[in-house]
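Nothing in this text is a laboratory measurement; each read-out follows from the coordinates by a stated rule. Computed from a prediction, not measured in an experiment: that's the story for all the values here. Glycine also receives a Cβ, built like all others from the backbone with ideal geometry; neighbour counts cover every protein chain displayed.
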Amino acid sequence: MQGLITKSTGSWYQVQTPEGRRVDCRIKGKFRIKGITTTNPVAVGDSVDFDMEPEQETGVITTLHERKNYIIRKSINLSRQAQIIAANLDQAFLVVTLASPRTSLGFIDRFLVTAEAYHIPARLIFNKLDLFSKEGLDILAEYSAIYEKLGYPCYHVSATKNLHVDKVIEQLKDRTSLFSGHSGVGKSSLINTILPELSLRTTEVSEWHDKGMHTTTFAEMFELPFGGFIIDTPGIREFGIVDIEQSELGRLFPEIRQHMEDCRFKNCRHINEPGCAVLTAVENGEIELSRYESYLSIYHGNDTRA
Ligand code: GDP
Ligand code: ZN
C-alpha cells in the first residue's frame, strides 16, 4: 500500500492513504539515503509503501519513494548529523515579526538561502500587524520592498485579529506548504486561524524565552479542507545550512546571482576582489547592504541565530 507521512514522532510514523485512512507505522531495516547522515530516515511529506503487520492495526514502512525536494536542519549538538524536517514541498512560508519578538534579517536570509538551495519557492509572512505603529509600518514597507524585489512575496497579517490571512489562504490550495518561524512569532496562531478546527497549542510570549520550550516537537502535516497540506515545524531556532559550498553561496542570493557574471574573476568570492561587480552593486545600492552582510556572515560560517 502507498501513503503519505503526515506525522512523525521519531519511532512511529502516521501514514495517510489516498483514501484518507490513517495507519501508524514503524520502519523496518535500514533506510540509507545517499550522501547524508540523518537522524530520521523518513520525514513528513514523504511518500512511502507500507505493509500491514499480521493481525495488527499497525504497519511497517518498506519503501521510501524518491523525493522531489526536502528541507534539512543541522542538529544543534552533533554538527555532522542532520534532521530532515519535511519532504516534497511546493512552497515554504517563514512567519516573522518585527517586534515581540523581532526576527533578524540574518535569520530571514538564512531561511531564504536554504529554500533556494533546495529549490523551494519561499514566501514571507509578517505577523502581528495589529501591533504596528506608524514607524513600524514604514519599516515593514521597507523590508517587504527588499524581499518582493527579489521575488519573495510578502504578506502582512495579524493571526489573532484575522487581518489579511485570506491572502495567505489563497496560496495554499492544492499545494504542500511548509510553515516555519522561531517561537513566539505566532505560527501556531496563524495555522489555527487558517484551520480553526485544529486548535494547536499556543504559548505566551514569556514562555519562549525558556530555551527548552517547544510547543511542537515534530513536524506535522495537516490536510486543508479545500485541498492541499500545511506542514508545521518545530520552533526552528536555527536553520542550519547544510552542505553549501562557499563557492555555491552567491548563486543562492538572486541579486548576487544576477551580478556575479560581470565580476572580473570567474572564481570571485565577492569579498575584496578587484573588479567585483557584486561589490559595485552593493556600493551603488543595487544590492541591499543587509543582504550582502548576510552573504558574508553565511560565507564565513558565522552564527546568525535570531
Ligand atoms: P508560535 O510559537 O510561533 O507558534 O507562536 P504562538 O502562536 O504561540 O503565539 C505567540 C504569542 O503571540 C501568543 O501570545 C499569541 O497570542 C501572540 N500572537 C500571535 N499572533 C498575534 C498577532 O497577530 N497579534 C498579536 N498582537 N499577538 C499575536
Ligand atoms: Zn565578485
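Hey, what do the phi angles of region 111-120 turn into as Karplus ³J(HN,Hα) couplings, whole Hz, using 6.51/-1.76/1.60 and θ = phi - 60°, x for Gly and Pro?
4, 5, 5, 4, 4, 4, 4, 9, 6, 10
Around Leu224, which amide H atoms from residues at least 5 apart in sequence, or from another chain, sit under 5 Å from its own amide H, with H modelled in the peptide plane?
The answer is Phe229, Ile230.
Arg264 to Thr39: extension gain in nm, 0.36 nm per residue of separation minus the Cα-Cα distance?
Length gained between Arg264 and Thr39: 76.7 nm.
Beyond 17 Å, what share of the Cα-Cα pairs of region 2-64 remains, rounded to the nearest whole percent?
Within region 2-64, distances greater than 17 Å cover 33 percent of Cα pairs.
Evaluate Rg over Rh across region 246-299, taking Cα atoms for both radii and Kirkwood's formula for Rh.
Rg divided by Rh gives 0.90.
Set Lys and Arg Cβ to +1 and Asp and Glu Cβ to -1, take the dipole of region 37-183 about its Cα centre, and tell me which of Val96, Ser47, Leu172 lies farthest positive.
So the residue furthest toward the plus end is Val96.
Quick check: Cα centre of region 246-306 to Cα centre of region 136-153, how many Å?
About 20 Å separates the Cα centre of region 246-306 from the one of region 136-153.
Per residue of region 14-28, what does 6.51 cos²θ - 1.76 cosθ + 1.60 with θ = phi - 60° give for ³J(HN,Hα)? Whole Hz please, x for Gly and Pro, Karplus curve as stated.
Karplus-based 3J(HN,Hα) across region 14-28 equals 8, 10, 10, 7, x, 7, x, 7, 10, 10, 7, 10, 10, 10, 10 Hz.
In terms of modelled amide H atoms, which long-range or inter-chain residues lie less than 5 Å from the amide H of Ser8?
Gln14
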